[in-house]
Amino acid sequence: MGSDFVEGILDQPDFDDLAKAFRAPGVVAEALMGSYARGDANCFSDVDLVRFYADAAGPSAAETHLRDGFFVVVSDAGPEEVEEWFTKPERATATIAGLRCARPLWDPDGIFDAIQGRAWAFTWDREMQSQADAWASSQMVGWIEEVQKGLAGLRSGHEGRLLNARYGLTWGLTNVIRVQRGILISGDNGNYPEVVQAVGLDSRWASLSRRAFGLDGVDSLANQVREGLQLYAHTAELLSAIFRPQDERVVNEAVRRIKGEIG
């Protein structure tokens with residue numbers, strides 16, 4: 001079996017065979033997640049297989065295997081990690097929507113069924129929002145290092161600093177907004193477009209973000225970083241009400257330096 005399009009139809013992996021092939025001692029359930037579970041896979045899509053353990057999760061890092069022409073990404077999750085999906089906002093926003101559309105492959109004791117039911121019942125409550133605000137406040141402080149690298153890189157033309165700055169001022173700020181606003185993304189590929197859509201396609205945040213990523217005709221690395229620095233300042237303005245007192249002072253100083261340097 002290959003992974004090419006044949007008359008417009010994508011070959012499908014043998015999911016039952018994959019579940020059997022990657023079953024291991026201690027695994028109590030297996031589920032298909034990602035594009036194959038959602039039904040939007042293409043000929044370059046990985047097969048995302050998650051194995052659930054009753055106790056410890058096994059290897060912490062996902063492993064990629066080649067089987068029958070498909071790249072199969074095998075991830076392991078134990079009870080502690082599953083609990084984090086529902087109690088930590090940075091994990092919930094990245095996981096809940098994917099769990100809802102996941103497909104059980106092997107679930108003899110209904111363990112994954114219970115996890116998926118919990119995902120459907122999940123609500124973004126006041127406690128989760130409080131944690132999300134604290135996480136976003138801390139992250140805005142954390143990305144100040146990239147603000148500093150961006151400002152230094154613009155003065156010196158140092159590509160290494162500029163590249164590090166662009167990452168933090170694009171993906172870093174995207175994740176800050178995703179978590180603080182409780183945006184439950186469908187998967188990795190949906191992270192950016194779904195966050196932008198939730199913020200507003202015509203918003204200043206979206207416009208600055210697209211330019212910082214180089215999506216709207218900004219082809220110079222230095223200019224992308226300039227847009228990213230403005231995006232940081234604008235994000236700080238949007239989130240000003242949620243900053244913890246110890247974070248507000250340093251974030252405001254970073255914004256002051258941005259405005260002093262690039263206006």
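The values are calculated or read from the model by the stated rules, or taken from the named source; none is laboratory data. All values reported here derive from a predicted model rather than from experimental measurement. Here the Cβ is made from the backbone with ideal geometry for all residues, glycine too, and neighbour counts use every protein chain on show. Protein only, heavy atoms only, side chains kept; ligands, DNA and RNA dropped before computing areas. Shrake-Rupley method; radii C 1.70, N 1.55, O 1.52, S 1.80 Å.
The figures follow:
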| item | result |
| --- | --- |
| SER156 - accessible surface, heavy atoms, 1.4 Å probe, Å² rounded to 10 | 80 |
| Accessible-area value, TRP124, 1.4 Å probe, nucleic acids and ligands omitted, Å² | 70 |
| Dipole magnitude (debye, nearest 20) for the chain, charges at Cβ of Lys, Arg, Asp, Glu | 1380 |
| Rh (Kirkwood; distinct C-alpha pairs) - the range 70-217, Å | 17.3 |
| Which of MET140, MET33 is most accessible, then next, and so on - probe 1.4 Å | MET33, MET140 |
| Percentage relative contact order, the chain, counting C-alpha pairs under 8 Å, at least six apart | 16 |
| The range 21-78-the range 234-263 distance, computed between alpha-carbon centres (Å) | 41 |
| Alpha-carbon gyration tensor eigenvalues x 5, square-rooted, for the range 141-263, Å | 21, 18, 12 |
| For GLU146, solvent-accessible area (1.4 Å; no DNA, RNA or ligand), Å² | 20 |
| Surface per residue (accessible, 1.4 Å probe) for the chain, Å² | 51 |
| Charge dipole (the range 98-210, unit charges on Cβ, about Cα centre) - positive-most of VAL147, CYS101, GLN129 | VAL147 |
| Residue-span extension gain [ASP11 to ALA121] - 0.36 nm each, minus C-alpha spacing | 36.2 nm |
| Where HIS65, HIS158, HIS234 fall by accessible area, highest first, once all protein chains stay in place (1.4 Å) | HIS158, HIS65, HIS234 |
| Ranked order, LEU32, LEU154 - accessible area, probe 1.4 Å, largest first | LEU154, LEU32 |
| Degrees separating the helix 221-238 axis from the principal Cα axis of the chain, which is the longest one | 90 |
| Percent accessible area from carbon and sulfur atoms, the chain, protein chains only, probe 1.4 Å | 47 |
| Translational diffusion coefficient (Stokes-Einstein; Kirkwood radius from C-alpha pairs) of the chain at 25 °C, 0.890 mPa s, in µm²/s | 120 |
